[in-house]
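Structure first, then comments.
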Amino acid sequence: MFKAIESRIWLLPTVAFICAFFIRSYLVVVSSVITPDGILYIKSAQLFEIGEWNKVSDLFFINLYPFFILLFHKIIPDWEIAGRMVSVIMGSLTAIPFFLMIKGMFDVRTAMVSSLFYIINPRLADYSADVLREPTFWFFSVTALWLAWEGISRVSLIWIIFSSFSTGLAIFTRIEGVSVFVLIILWIIWHFWKIKPNTKKLFLFLFVFVFTIPVLLSPFLLILKYKLGRWEFSHAMIKIPALLMNVNADALEMPPNLIQTMPLKLSIFLELAKSHKYVIFFSDILLKLVKSANIVFIFFAIIGVIRKRKLNDYKNEVLVAIWFGVFFIIAFAYITKVYYFSTRHGLLMGIPVLIWAGIGFFEIKEWIYLWFKRTRHPGFLVKNVTTILIIAILIAIMPKTLSPGGYDKIEMKKAGTYFKNMGYKGIIFTGEPGLQRIAFYADSEFSPLPVVETTEELMKFMRENKTELLIFDKNTSNSIYKNIQSKIDDSVFEQVSLPEFEKYREYKILAYRLKNKL
């Protein structure tokens, strides 16, 4: 199977991109509801469009993703679709450097299978069809790693210069770009210290890689300086010092009123972390890794790690181990500072795991092949073990891959569209922060409702913020907002009649407006 395909090796990266593009485009078509972060990215892009750059920094950290949304919006009128298509393109393009890097490190077969696993991974596909900056980060970071590999293996500085530029773009997309910076430095040290010792080239490559980043990014930094009136050195330059300075040992001792505003799972997690801090953190990282990479690929990866090793590829496996190790250490350091770790963070470790999964695939294929021969199975099965195993993986994975995430929240999209059709477009909503997507789909603004103790405080907030509608979810598990609901005074508020919401199952939306807006 693979020999026939290898004869057209030049086509394989293009095929990988096309396959990834079609899967992710399909997910856009059947998409459910935008992520909360996606709303912030779109608002940032809209502010960039009208020249309100300073308001972007007040709303969110400046990163590259909203600029791409704005660029795509020139072609695609719908902001949400524009944002999703940025992710589709970037997530699909990532398959190309991913394939080329693995082909160079190992062989074409491993590159093909690992790239297939990247394309069909449910989490990677789902996030690559949403309004998220992760796929853009994956593209710049994996491209940086591929270019670094080419530069190191070819002993060519031009590749390192391009890698440096891509690393800088990754840093300006997500804070984890700093991990890519550290990772490439370790790759350079490993190669010129251990594999092909050469102290002169070691320091030369390190110097070029480190100092090329500010040089190549200086035009972008100068534009930001001109637009903002101050220097802006990305989210990483702000958040990393803040995390390093965070040494509060009592951070888990939160007041009860703050804990009540948190989701139940998070509050339980923090409660357990009080007495078993590092065990809980370590377990949570592993759980998010398994959820992001998928249990099937984790199994293949474990086999790939423990298999009988071949000496000719061991040195390159160390590079994958460094990749995984850097992101794992950064993940552990991060969770000990902020007490939170998402599945999206887990994917940063999940991508190198897919390389081991590709290696493990052939080990398992060899086991099955030998078992078929030993048990005298039909010749057809013996000859087509690879094809059969791939088909089995596709049957197991693809139903999940082609199912859009967040479908349980589709009623928020329906509710927002219903409000819009009822004439509530362009107004200001307020309510529990988790309901902001309703306002987004109503083409309206949303002002998160703070904790208020009295009806007078609620009235004051709504009038000061020119809020027209107050919305609640009757099914909310948040005790604070349940308490605010119970204090709604019929003499001050009138409930808006919304018969459509009576059909909803997940959300029981209630809407109120002030009887007297003065």
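The values are calculated or read from the model by the stated rules, or taken from the named source; none is laboratory data. Since the structure is predicted, the reported quantities are computational estimates derived from the model, not experimental observations. FYI the Cβ positions are ideal-geometry reconstructions off the backbone, even for glycines, and counts take in every protein chain you see. For accessibility, only protein heavy atoms count, side chains too; no ligands or nucleic acids. Shrake-Rupley method; radii C 1.70, N 1.55, O 1.52, S 1.80 Å.
Projecting the Cα atoms of Ile330, Phe341, Trp367 onto the charge dipole of region 322-438, computed from C-beta unit charges around the Cα centre, puts Trp367 farthest toward the positive end. A compact globular protein would have a Cα radius of gyration near 2.2 N^0.38 Å; the ratio found for region 391-515 is 1.25.
Per 20 Å bin, what percent of the C-alpha pairs of the chain does each bin hold, from zero upward? It works out to 19, 50, 26, 5, 0, in whole percents.
Take each peptide in 136-148, 36-48, count the other Cβ atoms within 10 Å of every residue, and average; sorted highest first, the result is 136-148, 36-48. Surface composition of the chain: carbon plus sulfur atoms contribute 64% of the solvent-accessible area (1.4 Å probe, protein chains only, all chains present).
Peptide packing: for 278-290, 182-194, the average count of neighbouring Cβ atoms within 10 Å per residue gives the ranking 182-194, 278-290, highest mean first. Taking the Cα centre of region 329-415 as origin and assigning +1 to Lys and Arg Cβ atoms and -1 to Asp and Glu Cβ atoms, the resulting dipole is close to 140 debye.
Per residue, the convex hull spanned by the Cα atoms of region 371-436 measures out at 142 cubic angstrom. Considering the options Leu449, Met412, Leu11, tell which one lies farthest towards the positive end of the dipole of the chain, charges being +1 on Lys and Arg and -1 on Asp and Glu at the Cβ, about the Cα centre. So the residue furthest toward the plus end is Leu11.
Counting only residues at least eight positions apart within a chain, or on another chain, the lysines with an alpha carbon under 30 Å from that of Lys225 are Lys43, Lys55, Lys74, Lys239. Evaluate region 118-199: find the radius of gyration of its Cα atoms, find its Kirkwood radius, and give the ratio Rg to Rh. In region 118-199, Rg relative to Rh is 1.06.
Surface exposure of the chain, expressed per residue as accessible area with a 1.4 Å probe, stands at 48 Å².
Counting only protein chain heavy atoms and rolling a 1.4 Å probe, the accessible areas of Lys414, Lys200 rank, largest first, as Lys200, Lys414. A probe of 1.4 angstrom, applied to the heavy atoms of all protein chains, finds Arg230 with accessible area near 90 square angstrom. To the nearest 10, the accessible area of Asp489 is 60 Å² with a 1.4 Å probe.
Separation of the alpha carbons by more than 24 angstrom is noted, of Lys409/Lys482; Lys466/Lys487; Lys413/Lys487; Lys425/Lys515, for Lys413/Lys487. Taken about its Cα centre, the chain carries a charge dipole of about 1980 debye when Lys and Arg each add +1 at the Cβ and Asp and Glu each add -1 at the Cβ. For the peptides 318-324, 500-506, 78-84, the ranking by mean Cβ contacts within 10 Å, running from highest to lowest, is 78-84, 318-324, 500-506.
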